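Some notes on the structure that comes next.
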Amino acid sequence: MATILEAKGVTKRFGGLTAVDSVDFTIDEGSIVSLIGPNGAGKTTFFNCITGYYTPEEGSIRFGSTSTVGMKMHQITQLGIARTFQNIRLFGNMTALENVMVGQHPTMRAGVWGAITHNKRTRQEEERVTTRGRELLRFVGLRGKENDLAKNLSYGDQRRLEIARALGTQPKLLLLDEPTAGMNPQESLAMVDFIRKVRQEMNVTILLIEHHMRVVMTISERVTVLDFGIKIAEGSPQHVQQDPRVREAYLGASEMHI
């Protein structure tokens with residue numbers, strides 16, 4: 001199986017704090033992998049290094065054959081990496097359809113002149129983006145809510161809308177930051193099924209940060225654990241669950257609850 005992303009020795013510092021410390025990480029194409037760890041372990045910082053929000057002080061990150069260190073966020077998005085956020089970041093006063101259309105901006109080619117003249121090519125592209133936006137909303141289960149303002153959608157629907165917007169960039173790798181945060185057990189299980197559907201039907205590799213251990217153990221093919229910015233364990237969900245370093249990091253050597 002081909003490696004889609006490879007990070008070696010990634011280190012990110014903020015003043016005297018090392019948030020990510022010499023982390024090696026790979027993810028195979030077509031897999032679902034979880035990144036876990038206690039609060040403050042460096043998970044989101046590592047996500048931010050992958051997506052270009054932060055530039056690591058040390059180490060390398062390769063997406064396929066391309067080095068992404070030093071690239072701007074929109075350039076990394078155009079390569080095929082998309083993400084969602086722990087705190088939902090939608091345009092609340094825009095409709096669901098408009099939010100997904102915004103997500104397709106990296107795939108648009110009309111340019112400033114096309115926007116001014118509104119020529120035939122621009123109109124065709126707008127039709128394509130609108131049609132694709134409706135298709136993505138149907139895919140995530142928001143059919144009939146195209147014209148609803150994002151801020152008026154339920155919490156679960158907002159999560160799905162954010163994923164639809166990310167899928168609009170046509171990603172090969174999708175990073176999900178706590179996709180089940182704030183959900184009840186039934187909603188969490190529904191999200192697990194939905195993530196599998198995204199992987200299968202959209203042919204997308206998925207890396208997620210998740211605190212809900214039952215979700216992690218159910219969906220993950222491999223789990224990587226960070227603590228104080230250091231990778232302390234990696235392997236199958238069952239292997240990681242039994243690792244004494246992981247138990248210590250989470251619960252002071254107590255049992256991990258899943």
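At a glance:
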quantity: Flag for residue 76 being in contact with a helix residue (DSSP H, G or I) (Cβ under 7 Å, 6 or more places away or on another chain) and not in a loop (DSSP other than H, G, I, E, B); calculated: yes
quantity: Number of positions in segment 9-37 that are in a loop (DSSP other than H, G, I, E, B) and polar (S, T, N, Q); calculated: 1
quantity: Residue 34, sole failed condition from (1) modelled with pLDDT of 95 or more; (2) closer than 13 Å to residue 229 by Cα; (3) touching a helix residue (DSSP H, G or I) at 6+ places or on another chain (Cβ under 8 Å); calculated: (2)
quantity: Some residue of segment 157-170 being at pLDDT below 95, crowded, with 18+ Cβ neighbours inside 10 Å, outside any helix (DSSP H, G or I) and more than 14 Å from the chain's Cα centre (by Cα); calculated: no
quantity: Checklist (1) outside any strand (DSSP E or B); (2) within 22 Å of residue 203 (Cα to Cα); (3) among the charged types (D, E, K, R) applied to residue 6, failing item; calculated: (1)
quantity: Hits in segment 88-146 (condition: at pLDDT 85 or above, surrounded by 15 or more Cβ atoms within 10 Å (Cβ to Cβ), among the polar types (S, T, N, Q) and not in a helix (DSSP H, G or I)); calculated: 95
quantity: Criterion (in the same structural domain as residue 11 (by TED's automatic domain parsing), basic (Lys, Arg) and over 19 Å from the mean Cα position of the chain (by Cα)) met by exactly one of 151, 231; calculated: 231
quantity: Test for residue 165: is it in contact with a helix residue (DSSP H, G or I) (Cβ under 9 Å, 6 or more places away or on another chain), outside the structural domain of residue 21 (by TED's automatic domain parsing) and without any contact (Cβ under 8 Å) to a residue 40 or more places away in the chain; calculated: no
quantity: Any hit, segment 48-67, residues being closer than 23 Å to residue 164 by Cα, in a strand (DSSP E or B), of a type outside the set (Phe, Trp, Tyr) and within 16 Å of the chain's Cα centre (by Cα); calculated: no
quantity: Conditions (1) out of contact with any Pro (no Cβ under 8 Å at 6 or more places or on another chain); (2) part of a strand (DSSP E or B); (3) surrounded by fewer than 22 Cβ atoms within 10 Å (Cβ to Cβ): number failed by residue 40; calculated: (2)
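Each row is one residue, and each column tells you yes or no for (1) at positive phi; (2) buried (at least 19 other Cβ atoms within 10 Å of the Cβ); (3) outside any loop (DSSP other than H, G, I, E, B); (4) not assigned by TED's automatic domain parsing to the domain that holds residue 5.
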{"site": "175", "(1), (2), (3), (4)": "no, yes, yes, no"}
{"site": "179", "(1), (2), (3), (4)": "no, yes, no, no"}
{"site": "182", "(1), (2), (3), (4)": "yes, no, no, no"}
{"site": "195", "(1), (2), (3), (4)": "no, yes, yes, no"}
{"site": "200", "(1), (2), (3), (4)": "no, no, yes, no"}
{"site": "208", "(1), (2), (3), (4)": "no, yes, yes, no"}
{"site": "226", "(1), (2), (3), (4)": "no, yes, yes, no"}
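Residue by residue, here is whether (1) without any contact (Cβ under 8 Å) to a residue 60 or more places away in the chain; (2) of a type in the set (Val, Ile, Thr) holds:
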residue	(1), (2)
26	yes, yes
31	no, no
53	yes, no
60	yes, no
67	yes, no
71	yes, no
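The values are calculated or read from the model by the stated rules, or taken from the named source; none is laboratory data. The structure presented is a predicted model; accordingly, all values stated were derived computationally and were not measured. Because the Cβ atoms are built from the backbone with ideal geometry, glycine has one as well, and the counts that use them run over all protein chains shown.
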